[in-house]
Amino acid sequence: MTKQAKYLLTLLLFSSLALYSGAQEPNTTYFMPRIPQMSFMNPAFQPTCNVYISFPGLSEVNMNLGNNTLAYSDVIFEGPTGDSLITPLHPDADVGNFLNKLKPTNSIFSEFSTNLFGLGFRAGSGYFTFHVKQRSSLKFSYPKDFVTFLLQGNEKMKGKNLDMSNFNFFSNHHLEYSLGYAGQIDDKLDFGVRLKYLNGIANLQSKDFNLQLYTSQSGDSLSLNSDIDMRGSVPAEVTTDSMGYIDQVDGIKPGVSDLFANPGIALDFGVAYQITDELEVSASVTDLGFINYSNYVHNYTVNGQFSFTGVDVSSELNGNGSSDFDPAGQLADSLKNRIEFAYSDQQFLHLMGPNIYIGGNYQLSERVDFGVVSRTRFFAGEVHQSFTLSANTRPIPGVSFSASYSVMNRAYNNLGVGLGLRLGPFQVYTVSDIISAGLWPENTQAFNLRFGLNFVFGCNRRARILDDEPMIR
């Protein structure tokens, strides 16, 4: 394996250990009404307190990190002698065993969001909310065949086609301004809606990535077929030559107006229905919308076929070579002649990844309830399904606690907790679906966490139901 291939694979493997960040909400939050951020998952849910205020850097940090294939113990493990830790790149590593753990398509993903400002208040039987959020998401998918090629070369691929068409890259960063309302249709049916205005800051994604590498039966030639379509919006100026090949990329310092140049819109809506005094069911759809990227847009396509039979170095070996002998340059020129490159600045639509929640909650007593929630998420061209069971309690005023078990990210060892603590007008909270990452990190593939501080008022239940008492206490 070449030095460059080792570097690339090392970067890929250790990126896979990055605990997973687009801003997935921890499912455990779904049944914690004392935390106002619960309504991000279903806008029909009304926070317990009459008023809450959120400030930048304090109210919310939400992250979700990981990969869908490898745990720490799959990448760093005990060597054959038992006296050291090695990676799959070590000469003594069982490469075949490592490759068997990979799926045909493997993904690394990362999401992050923070609430820059938030305000919510009760008005009669309804509840109004306003938020400004910053959200980022990233996902990179790679095929097993690519890692096989890096680790074992193409010696075992003679007469076969190496499929590297499962490469996929997606990254998006945007600002979100939302206005929401939760109300009642009758004593049993609640509804909620949240309208979002979006501003895209940056986007980079592979629309198509079809790449096939064929090794001849004799092993003396390679044939490459490519059909690649990349697009994005980043503050840069791209210069191409007459053949469409990228010649130069110059960064541009974005201005204030650039923050509003890529508009979009999205919608959240949900309902909650009280079947009996103890049983409630609910459902919602969030992030249903799009962003129109028209500023600093770059589209790049690569199409064509290329055959490589090696470089003729006979003249160099017999001493008759010229001073301008450049095999790397010859290869690059041959690629440019056989592969078509095209660049454009045509705008494109980025579709948001919507979420579908379906939940049920059973009230055992005034202080204890049990919940179950299903979440279906559409993210970067894939569907992600998760299920969470939770037990929730409010033992004393100002304190709420949830314990959960989740099946998510193709893993079954996910234990979670949620804790909300109110100290006067200050409410601190932390929620995670996967605290088990701290119990057995060597077998963990992902992690999520939400924490923050809210200013809350009017949380005394008895005072709220008395008409002659002030709303804020």
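The values are calculated or read from the model by the stated rules, or taken from the named source; none is laboratory data. This structure is a prediction, so every number in the text was calculated from the model and none was measured. Every residue, glycine among them, receives a Cβ derived from its backbone with ideal geometry; neighbour counts consider all protein chains shown. What goes into the accessible areas is simple: the full protein's heavy atoms, side chains included, and nothing from ligands, DNA or RNA. Shrake-Rupley method; radii C 1.70, N 1.55, O 1.52, S 1.80 Å.
Quick rundown of the values:
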| quantity | calculated |
| --- | --- |
| Residue in segment 117-128 that is in contact with a Ser or Thr (Cβ under 8 Å, 6 or more places away or on another chain) and more than 30 Å from R194 (Cβ to Cβ) present | no |
| R122 vs. criteria more than 24 Å from the chain's Cα centre (by Cα), open to solvent by 10 Å² or more (accessible area, probe 1.4 Å), over 17 Å from A446 (Cβ atoms) and modelled with pLDDT of 90 or more | yes |
| Given (1) at pLDDT 80 or above; (2) touching a strand residue (DSSP E or B) at 6+ places or on another chain (Cβ under 6 Å), index of the condition S39 fails | (2) |
| Tally of residues being surrounded by fewer than 18 Cβ atoms within 10 Å (Cβ to Cβ) and not in a loop (DSSP other than H, G, I, E, B) across segment 262-282 | 8 |
| Residue within segment 2-15 that is at pLDDT below 85, open to solvent by 10 Å² or more (accessible area, probe 1.4 Å) and assigned to a loop (DSSP other than H, G, I, E, B) present | yes |
| Members of segment 350-397 found to be open to solvent by less than 50 Å² (accessible area, probe 1.4 Å), aliphatic (A, V, I, L, M), within 30 Å of L198 (Cα to Cα) and assigned to a strand (DSSP E or B), listed by number | V373 |
| Sole residue being of a type outside the set (F, W, Y) and not in a strand (DSSP E or B), chosen from Q205, Q212, Q217, Q248 | Q217 |
| Test: residue in segment 186-203 that is over 30 Å from P43 (Cα atoms) and either open to solvent by less than 60 Å² (accessible area, probe 1.4 Å) or of a type in the set (A, V, I, L, M, F, W, C) (or both) | no |
| Subset tally (residues that are surrounded by fewer than 24 Cβ atoms within 10 Å (Cβ to Cβ), among the hydrophobic types (A, V, I, L, M, F, W, C) and in contact with a Phe, Trp or Tyr (Cβ under 8 Å, 6 or more places away or on another chain)) for segment 45-78 | 7 |
| Among the residues listed as K158, K144, K207, the single one being surrounded by fewer than 16 Cβ atoms within 10 Å (Cβ to Cβ) and either of a type outside the set (D, E, K, R) or farther than 30 Å from P263 by Cα (or both) | K158 |
| Some residue of segment 298-311 being open to solvent by less than 80 Å² (accessible area, probe 1.4 Å), at pLDDT 75 or above, outside any strand (DSSP E or B) and over 30 Å from T215 (Cα atoms) | no |
| Any hit, segment 430-450, residues being surrounded by fewer than 16 Cβ atoms within 10 Å (Cβ to Cβ), at pLDDT 90 or above, assigned to a strand (DSSP E or B) and in contact with a strand residue (DSSP E or B) (Cβ under 8 Å, 6 or more places away or on another chain) | no |
| Looking only at segment 211-238, and only at residues there that are under 34 Å from the mean Cα position of the chain (by Cα) and polar (S, T, N, Q), the one that is modelled with the highest pLDDT | S233 |
| Of residues in segment 79-119 being open to solvent by 50 Å² or more (accessible area, probe 1.4 Å) and either of a type in the set (K, R) or within 27 Å of the chain's Cα centre (by Cα) (or both), the one farthest from N50 (Cα to Cα) | N100 |
| Residue list for segment 63-78, filter: assigned to a strand (DSSP E or B) and within 22 Å of the chain's Cα centre (by Cα) | M63, N64, L65, G66, N67 |
| Options D187, D163; residue that is among the acidic types (D, E) and farther than 30 Å from N68 by Cα | D187 |
| Restricting segment 26-36 to residues that are touching a strand residue (DSSP E or B) at 6+ places or on another chain (Cβ under 7 Å) and not hydrophobic (A, V, I, L, M, F, W, C), the residue that is surrounded by the fewest Cβ atoms within 10 Å (Cβ to Cβ) | R34 |
| Only one of T286, T239 that is within 24 Å of S136 (Cα to Cα) and part of a strand (DSSP E or B) | T286 |
